[in-house]
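Here's the structure, in structure tokens; my notes come after.
Read-outs: derived from the displayed coordinates by stated rules, not from any lab. Bear in mind the structure is a predicted one, so any value in this text is a computation, not a measurement. Virtual Cβ from ideal backbone geometry, glycine too; neighbours counted across all protein chains shown.
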Amino acid sequence: MMAGSLVHRDKKSTAAHLKADLNQADNSSGVRQLQDLLDGVLNPEKPAEDTEALDWCKYLLAGGQGFEEFCKTVRSYDNATFCGLVWTANFVAYRCRTCGISPCMSLCAECFNNGDHTGHDFNMFRSQAGGACDCGDRNVMRESGFCRRHQLKTGENVLSIPQDLLLMSEFVLPRFILCIIQYLRDGYTEPDSSTERDLQKVLQQLVPQISFLEELTKMGGAMRTVLTKILTNQQTFKDLSMGQEENMYAKKNYDKYLSALTCSGLVSAQKKAVSGTEGAGAGALSLLDPSVMDTLKHTCFLEELLFWTIKYEFPQKMVTFLLNMLPDQDYKIAFTKTFVQHYAFIMKMLMKSHESDTMSNRIVHISVQLFSNEELVCHVTEECQLLDIMVTVLLYMMESCLIKSELQDEENGDGHMVVNCGEALLKNNIYWPLVSDFINILSHQSVAKRFLEDHSLLMLWMSFVSFFQGMNLNKRELNEHVEFESQTYYAAFAAELEACAQPMWGLITHCKVKETQEYTKTVVRYCLESLQLWFEAIGFVDEPTPNQVTFHLPLHRYYAMFLSKGVKCQGLDLDSLLPDQEMLMKIMVHPLQIQACLSEIHSNMWVRNGLQIKGQAMTYVQSHFCNSMIDADIFLLQVCASRLDPDYFISSVFERFKVVDLLTMASLHQNAVLDSQQEGPMLEGALTFLVILSSLRIHLGMADDEILRAEMVSQLSMNDRTHSSLLDLISFTAIISLLWKALD
């Protein structure tokens with residue numbers, strides 16, 4: 001029987017005939033006929049909308065059965081132990097803190113209702129970026145929380161799969177996946193092309209094919225196993241990817257793919273970035289491993305499929321298919337490695353995207369399923385240098401928007417580089433999904449310890465944090481009111497909280513016992529070294545430049561918080577973690593400048609800068625930010641006050657608040673800096689600051705239960721709260737606001 005004639009025959013009987021031939025001992029004739037048939041049916045030169053090819057595939061997979069009957073038969077051999085139900089944004093799901101090992105754990109309604117969560121701490125939520133059900137996954141949740149269906153499912157309860165049931169799938173699906181990839185290649189446009197194809201149109205045409213793959217994943221573990229073997233088989237990819245030499249279409253299609261791969265590399269751009277950067281930034285970037293940014297190389301269908309998924313900015317259908325495969329553990333490991341391999345490319349496409357919000361949500365939809373599993377994260381950390389890749393990619397990303405800092409005397413020093421908060425990268429929170437991934441992996445103790453033990457990584461991370469040190473500098477307007485009030489401070493506060501503070505809190509979580517003293521000592525040492533480099537880079541002499549203030553000192557705050565935890569929780573001696581007196585004097589200057597400027601702003605000395613400067617002052621002490629900002633600054637100033645000469649410290653405070661003349665015994669005085677209506681508020685501000693300094697005990701011996709009680713009282717005094725909302729809020733309560741009220 002000629003293969004060409006098979007296309008025109010009855011699909012069901014032809015599929016049965018071919019399956020019978022493939023079951024023969026010598027199946028070479030059947031294989032040849034099937035491949036010839038697929039050459040005609042799965043021809044990427046035909047329009048993607050052609051439904052005939054999809055019909056043929058369904059009949060061939062069923063091998064003579066009806067497709068619905070075939071699906072039902074395959075499902076009866078489902079050996080999956082995980083739920084893995086994938087959902088998109090606005091789906092209602094559940095999270096049980098009692099059962100969860102990972103804070104990102106979530107359950108679909110069916111699994112939650114079929115499990116026993118009586119008396120547990122759980123909540124129902126509406127998913128923002130999408131997710132997947134973790135029921136059955138012992139690495140993410142405790143077995144006691146599994147639903148009845150996933151508690152009972154074990155290997156012994158599942159029947160062995162008949163040898164010929166999925167035989168046709170093993171032959172047909174590699175060609176079907178190749179056909180989809182060839183359509184995706186065709187949609188690629190050269191970077192310098194004058195005509196750009198509508199990528200959305202390409203994706204729309206492929207919806208039936210990708211939906212079919214998604215349908216296959218829902219048949220259960222047996223079919224997912226077949227798909228995993230096809231997607232990860234290197235020989236199959238090598239045999240099929242390039243196509244036949246005599247086929248001009250296949251050659252041109254493959255050349256497009258190679259061109260796209262070449263354009264994915266970031267090495268040349270990274271080298272250019274290093275050469276164009278001055279000061280501390282250049283030192284950080286010179287430590288980067290160029291291999292992280294190298295051109296991609298693919299060895300299997302899964303790798304190329306993810307590549308095009310990224311290139312097409314994570315189409316939802318493709319994301320859902322890739323996530324539906326995760327219950328297969330072999331696939332999950334392979335896919336996680338592939339995701340890490342493409343991490344720099346994801347960053348590049350994210351920065352280019354015009355729909356960064358949508359793309360960010362879909363990236364996190366994938367990554368949260370991978371990086372919430374500690375065992376899996378440890379595996380890829382060992383094999384794929386996950387930590388190195390993440391830190392390097394974040395550094396490279398932020399390097400793209402650096403500007404020279406104008407803090408202090410810009411003519412002195414080597415020139416400190418800070419992020420430009422007006423750039424889209426910060427203004428639109430484009431960095432968010434990558435920072436979110438980093439915070440997620442640092443929640444795993446074994447990974448965080450590995451990070452803290454790697455001194456080269458810590459050096460890179462401190463270089464990253466230094467890019468935010470002194471950003472969004474404010475210069476006091478002395479003559480005319482600003483014409484345009486910049487709103488960059490929103491981006492600056494969000495960036496310090498998300499990119500600097502949250503990773504810091506993640507690391508501190510793992511530094512609370514005596515056994516981890518060395519980690520704290522190491523971080524403190526690198527903080528001090530980075531601060532010294534920063535002082536040199538900004539040309540610091542003895543005091544800050546007048547009429548300048550930045551609310552962003554993440555290096556100071558890292559030092560303060562690790563100092564606090566080391567003394568309070570790890571039994572470290574405070575003096576052993578402190579620098580010499582000269583360095584301590586330098587460290588004091590900028591946090592003290594912020595406190596003085598707060599009083600200046602409230603005294604209307606910055607009125608010509610507009611309302612935005614008041615917005616910054618309010619945000620600095622706001623409940624959502626105070627733990628990571630003013631609380632840390634006050635503690636650091638308390639340390640300085642306790643170890644520096646008292647006369648020097650007090651005089652420094654009054655000098656910064658510009659009220660020294662008001663404290664003389666002379667009957668007449670003349671303040672060259674303050675107007676008469678500003679003198680009273682500034683003196684009150686200086687004295688209030690000293691009261692706060694001597695009475696605030698958050699980091700000075702106040703027990704955790706006392707802090708917790710104060711936070712709860714603060715929240716409940718404003719409004720009644722549910723248990724879950726109170727739990728979400730107490731970690732961000734502005735205890736400092738209570739003190740301000742008490743002193744009012």
Working note, the chain: Cα radius of gyration (Å, one decimal) and Dmax (Å, whole number) are 30.7, 116
If one compares the long axis through the Cα atoms of helix 207-217 with the longest principal axis of the Cα atoms of the chain, the angle in degrees, nearest 10, works out at 90
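Highest mean first, how do 697-710, 456-469, 213-226, 31-44 rank when packing is the count of other Cβ atoms within 10 Å averaged over residues?
Details: 697-710: 13.7, 456-469: 22.4, 213-226: 20.7, 31-44: 17.6.
The peptides rank, most packed first, as 456-469, 213-226, 31-44, 697-710.
In nm, what is the difference between 0.36 nm times the number of residues separating S676 and D661 and their Cα-Cα distance? It would help to have the intermediate numbers written out before the result.
Values: separation 15, 0.36 × 15 = 5.40 nm, distance 1.21 nm.
Extra length from S676 to D661 when fully extended: 4.2 nm.
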Taking N as the number of residues in the range 86-157, the ratio of its alpha carbon radius of gyration to 2.2 N^0.38 Å works out to 1.05
per DSSP, antiparallel bridges as share of beta bridges in the chain, % nearest 5, sits at 95
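Rg/Rh for the range 509-622: what does it come to with C-alpha atoms and Rh from Kirkwood? Before the final figure, lay out the partial values.
Numbers: Rg = 16.6 Å, Rh = 15.9 Å.
Dividing the radius of gyration by the Kirkwood radius yields 1.05.
Return a whole-number percent for the relative contact order of the range 86-157, with Cα pairs under 8 Å and 6 or more residues apart as the contact set. Walk me through the numbers before you get to the answer.
Working: 127 pairs, mean separation 28.4, N = 72.
Relative contact order for the range 86-157 comes out at 40 percent.
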In degrees rounded to 10, the 0-90 angle between helix 374-384 Cα long axis and the longest Cα principal axis of the chain is 80
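Based on the mean of other Cβ atoms within 10 Å per residue, sort peptides 623-629, 319-325 so the most packed one is first. The partial results should precede the final answer.
Values: 623-629: 20.6, 319-325: 22.4.
Highest mean packing first, the order is 319-325, 623-629.
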The helix 630-643 Cα axis meets the longest alpha-carbon principal axis of the chain at an angle in degrees, between 0 and 90 and rounded to 10, of 50
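Taking only DSSP H segments of four or more residues, each worth -39500 (n - 2.57), what value at 222 nm results for the chain once the sum is divided by all its residues, to the nearest 500 deg cm²/dmol?
Numbers: 38 runs with 430 residues, N = 744.
Computed ellipticity for the chain at 222 nm equals -17500 deg cm²/dmol.
What are the GluC sites (Glu not before Pro) within the range 337-403 that DSSP puts in a loop, where the Cβ has at most 16 other Cβ atoms within 10 Å?
On the way: sites: E355, E374, E375, E382, E383, E399; in loops: E355.
Filter output for the range 337-403: E355.
Going by average Cβ density within 10 Å per residue, which order do the peptides 84-93, 561-570, 674-683 take, highest to lowest? Walk me through the numbers on the way to the answer.
Details: 84-93: 17.6, 561-570: 21.2, 674-683: 15.2.
Sorting 84-93, 561-570, 674-683 by mean packing, highest first, produces 561-570, 84-93, 674-683.
Over the chain, what is the relative contact order in percent, taking alpha-carbon pairs closer than 8 angstrom and at least six residues apart?
On the way: 1005 pairs, mean separation 69.7, N = 744.
Normalised by residue count, the contact order of the chain is 9 percent.
Which of the trypsin sites (Lys or Arg not before Pro) found in the range 77-159 are loop residues per DSSP with 10 or fewer other Cβ atoms within 10 Å of their Cβ? Display every interim value, and only then the final one.
Numbers: sites: R95, R97, R126, R138, R142, R148, R149, K153; in loops: R97, R138, R142, K153.
Loop-located and lightly packed - none at all.
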